[in-house]
Amino acid sequence: MSKRIAFAPLAAAIGLGFSLLAGSLVAPASAHAEGEIRIAEQFGIVYLLLNVVRDQQLIEKYGKQEGIEIKVDWTQLSGGAAVNDALLSGSIDIAGAGVGPLLTVWDRTRGKQNVKAVASLGNFPYYLLSNNPNVKTIADFTEQDRIAVPAVGVSVQSRFLQYAAAKQWGDKDFNRLDKYTLAVPHPDATAALIAGGTELTGHFSNPPFQDQALQNPNVHVVLNSYDVLGPNSPTVLFATEKFRDENPKTYKAFVEALTEAAEFAQKDKGAAADTYLRVTKAKIDRATLLKIIDNPQIEFTVSPKNTYPLAEFLYRVGAIKNKPASWEDYFFQDAKSLQGS
């Protein structure tokens, strides 16, 4: 019989080098004036652009060009549900999460807070992994298996799994595998998958966690998100219309900072790797990290790619009530228009 999971000790045991959010979110903060921005990120290389922004103090730099001093507050959360709650409670101004959580909160706030995406964080393949040798495809998961995702039913990993299930069994069974999923932060899920011996036999991951897990010969790839949807931007940054409208200089500084960070990371992968290690304190070998970043399937860019098929799917199966006409419906269109899809 498989064992229940003791996540935190496992993460510490293999030295993944991340801390988890402890306790509940702070109480909703009052509205603030220009010159303050609170940003929530999650775990992994997909947030490297924010690491660059933070390390080089790019928001502060562009704030000064706008004539203001900007105070930047950084928070790390786990899972799109927690990030969405923080944004809607007023605890943060910029949310970093998957396209799945974005589309959920965009749909639910239309005509109210009007949450939309600010930019993509790049194009990354996400792997569904398993340490169960009997699981070759998603059809092989059984009641004996549990699959870790950042947030059940909401995270982009959950949505990718649903999209794959719909392709396998039809739209009416899109949520067929949801009952096997558990909300587990990536560092802990990776540790559990590597250690084995628990009920968790699957993990829909992201880099570098998926790459670290695959160093264990007992772990293999069941599904690549690119095989389901093609190359795409799985993780984005989003905000409320209120924050964007009431803090135009701060918002512009953030967008400019992110654009510079993307150009920096895409142009100099070595420097990007050094930044990631310096900011996150992740215990991963630099050569291994650089190999991950050098993957030709990974691109650092603020322009979203191939997000709309997932939006169409979520509307089709009833996961969102409003159908966007295009990707531009759920992305803010700023002075420097994004070239996306």
### Task
Output the qualifying pairs, or none if there are none: Cβ atoms under 8 angstrom, residues six or more apart or on different chains, first residue in the stretch 101-128 and closer than 19 Å to E312 by Cα and without any contact (Cβ under 8 Å) to a residue 60 or more places away in the chain, second residue in a loop (DSSP other than H, G, I, E, B) and open to solvent by 20 Å² or more (accessible area, probe 1.4 Å).
P101/V154
### Query
Any residue in the stretch 240-250 that is in contact (Cβ under 8 Å) with a residue 60 or more places away in the chain, within 30 Å of E69 (Cβ to Cβ), among the hydrophobic types (A, V, I, L, M, F, W, C) and in a strand (DSSP E or B)?
no
#### Entry: Check on G67, of a type outside the set (S, T, N, Q), out of contact with any His (no Cβ under 7 Å at 6 or more places or on another chain), open to solvent by less than 60 Å² (accessible area, probe 1.4 Å) and modelled with pLDDT of 50 or more
no
### Query
So, of the residues in the stretch 216-270 that are of a type in the set (V, I, T) and in contact with a Ser or Thr (Cβ under 6 Å, 6 or more places away or on another chain), which turns out to be nearest to A148 (Cα to Cα)?
V222
### Query
Could we say that V255 is open to solvent by 10 Å² or more (accessible area, probe 1.4 Å), in a helix (DSSP H, G or I), closer than 24 Å to D55 by Cα and not aromatic (F, W, Y) here?
yes
### Message
Being of a type in the set (D, E), open to solvent by 20 Å² or more (accessible area, probe 1.4 Å) and at pLDDT 95 or above is the requirement here; does E328 meet it?
### Response
no
### Query
Can you tell me which residue in the stretch 267-290 is nearest to L237 (Cα to Cα), limited to those that are among the polar types (S, T, N, Q) and at pLDDT below 95?
T280
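The values are calculated or read from the model by the stated rules, or taken from the named source; none is laboratory data. Keep in mind that this is a model prediction, so the values were computed, not measured. Please note: Cβ atoms are built from the backbone with ideal geometry, for glycine as well, and neighbour counts cover all protein chains shown. Just so you know, the surface numbers come from the protein's heavy atoms only, side chains and all, with ligands and any DNA or RNA stripped out. Shrake-Rupley method; radii C 1.70, N 1.55, O 1.52, S 1.80 Å.
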